[in-house]
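To start, the structure under review is shown below, and the notes come after it.
The values are calculated or read from the model by the stated rules, or taken from the named source; none is laboratory data. Note that the structure is predicted; figures quoted are calculated from it, not measured. As a convention, Cβ positions derive from the backbone with ideal geometry for all residues, glycine included, and neighbour counts pool all protein chains shown. SASA here: full protein model, heavy atoms, side chains in, ligands and nucleic acids out. Shrake-Rupley method; radii C 1.70, N 1.55, O 1.52, S 1.80 Å.
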Amino acid sequence: MLNFFKKKPHDNWAESPMHDNWYQSSAYFLSSFALITTVSEKGITTIGPYQLSFPFGVINRREWIVISRRGSNTSTHLKRVKKCAMNWVEYDHSKIKPIVDLGYPGQEPEDKMKDCPFELEETPTIAYRADPDRPKVIKNAFQVCECELNDNPEDFYYKGTEDTEYLLLKINHIFLREQWRKNLDLGDDMKIPNMPITFGFRNANQFWFAKHKKAFWLPTPEGKGAQHDAVMYIANRIDTEVTFTENACKQLTGIPKVFVKTALKGIIAEAKKQGITEINQSFVEMINQKRSGAS
Ligand SMILES: Cc1cc2nc3c(=O)[nH]c(=O)nc-3n(C[C@H](O)[C@H](O)[C@H](O)COP(=O)(O)O)c2cc1C
């Protein structure tokens with residue numbers, strides 16, 4: 001028995017039976033979780049914890065997919081008013097038990113919010129404040145996505161099952177607390193928020209959580225894959241009003257890494273001066289010619 005968890009170099013494979021909720025009963029899966037705020041029929045903002053919240057539309061469409069048990073408060077409210085806010089908090093041990101309490105099914109919105117230690121505040125989107133269907137957000141959150149339900153059947157093909165609903169959520173706004181917004185631009189000095197992680201519901205009566213250690217980073221491999229991809233990644237994250245085409249980025253692969261951002265910012269400034277919103281190959285060629293004194 002003592003040797004049960006002792007690592008053997010080549011432990012045998014043992015097939016795990018596929019139970020319902022297989023990701024927490026037949027296997028191991030860890031992730032962050034969102035605290036989703038929605039407004040009840042009586043106008044009360046209520047909170048539901050959801051581990052199964054994943055980025056879905058990630059390039060031109062910005063969406064989350066949330067997988068919920070059918071009939072949860074969150075899905076009922078979302079289907080009624082189509083609006084929610086997804087809140088993420090940093091690790092605070094004193095808040096883990098209250099999160100489990102908020103995740104206990106079958107509670108009426110007013111009852112579950114009675115003992116809730118999370119303070120709520122008005123939406124950061126000024127234009128939403130007069131809308132009674134827009135939920136409040138969690139004061140302690142470091143990140144909030146305000147969303148609306150995308151229930152266009154052409155956008156999402158899977159209607160769910162008798163027990164499960166798939167909520168496709170279009171992101172209207174992403175808000176970060178100022179320090180975390182600034183942090184995104186810090187490059188090497190960037191920090192990662194201390195987000196709690198969960199392994200979900202296990203053994204019939206346990207909800208498992210974990211705390212992560214300090215995050216670290218490694219440089220991306222040099223000389224592997226298409227060089228312009230790396231340039232394009234940086235280029236299209238500098239200014240939301242100006243985008244670079246793939247061919248434009250192919251012209252920029254020779255710039256030493258440390259100067260890439262500065263060079264791109266220079267090109268964007270020039271484009272903006274000329275009222276250009278999409279930087280293509282010929283625009284970059286024109287700038288290159290100008291800089292090399294050829295024109
Ligand atoms: C950390 C945590 C993660 C959870 N993740 C999910 C999930 O991804 N999907 C789900 O249907 N229920 C999940 N639950 C259970 C729901 O929170 C529970 O169904 C709750 O009733 C939802 O609240 P609501 O009815 O106010 O929406 C989770 C519970 C906890 C504590």
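Odds and ends about this structure:
- Of the two radii for region 83-199, the radius of gyration is 0.99 times the Kirkwood radius, both from the alpha carbons; that is the Rg over Rh value.
- Packing, as the average of other Cβ atoms within 10 Å across residues, places the peptides 269-276, 189-196, 146-153 in the order 146-153, 189-196, 269-276, highest first.
- Size of the chain from its Cα atoms: along the principal axes, largest to smallest, the extents are 73, 62, 39 Å.
- Our analysis of region 227-290 gives Rg over Rh at 0.91, with the two radii drawn from alpha carbon positions and Rh computed by the Kirkwood formula.
- Rough spin-label spacing in nm, given labels placed 7 Å along Cα→Cβ, for residue 21 and residue 183: 3.1
- Selected from 57, 103, 254 as most flexible by GNM, with the chain as the system and alpha-carbon contacts under 10 Å: 254
- Using alpha carbons only: equivalent-ellipsoid semi-axes of region 24-69, gyration tensor based, whole Å: 23, 18, 8
- Chain lengthening between residue 94 and residue 201 when straightened (0.36 nm per residue, less Cα-Cα): 36.6 nm
- Note on the chain: with neighbouring protein chains present and a 1.4 Å probe, carbon and sulfur make up 55 percent of its accessible heavy-atom surface.
- Residues within the reach of a label modelled at residue 31 (point 7 angstrom out along Cα to beta-carbon, backbone nitrogen below 13 Å), restricted to region 38-53, are 50-53.
- Computed with a 1.4 Å probe over protein heavy atoms only, the accessible surface of the chain comes to 67 Å² per residue.
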